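The structure appears right after this line, and notes come after that.
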Amino acid sequence: MQQTSVAVADSLVAEYGEYNVVANADGLVYAFTEKEVAAEEQTYKLVVNSEDAQITSEYTASSVELAGQYFRDYVNNNGLGDLEWSYDPATYTFTATDGL
């Protein structure tokens, strides 16, 4: 009986996460903890159109906020100026322009 219970529990770990075995009066009880699901990553694109630069870059991140911060830091760290930003969620593309 225990062998079967362990096999069933082990097969469920892949889907449901880790488990703890607890003994009670009726036998063994398996308490499952929630399996962590990694955030799905997406590749985002940056297009910079300024008087001084024409740049295209890509960055893979787990959220649009992280990608946006990465691209803003990139632009600031490279001294590309104060640009106007937009984002197109359909194409995962950030565009930064100086109003050419």
(message) Please go through the range 33-86 and give me each residue that is modelled with pLDDT of 90 or more, farther than 19 Å from D98 by Cα and among the β-branched types (V, I, T), ordered by number.
(response) T43, T60, V64
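Condition check ((1) over 28 Å from A39 (Cβ atoms); (2) in a helix (DSSP H, G or I)) across all residues:
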| residue | (1), (2) |
| --- | --- |
| Y59 | no, no |
| L66 | no, yes |
| Y70 | no, yes |
| V75 | no, yes |
| L80 | yes, no |
| S86 | no, no |
| A90 | no, no |
| A96 | no, no |
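The values are calculated or read from the model by the stated rules, or taken from the named source; none is laboratory data. The structure presented is a predicted model; accordingly, all values stated were derived computationally and were not measured. Please note: Cβ atoms are built from the backbone with ideal geometry, for glycine as well, and neighbour counts cover all protein chains shown.
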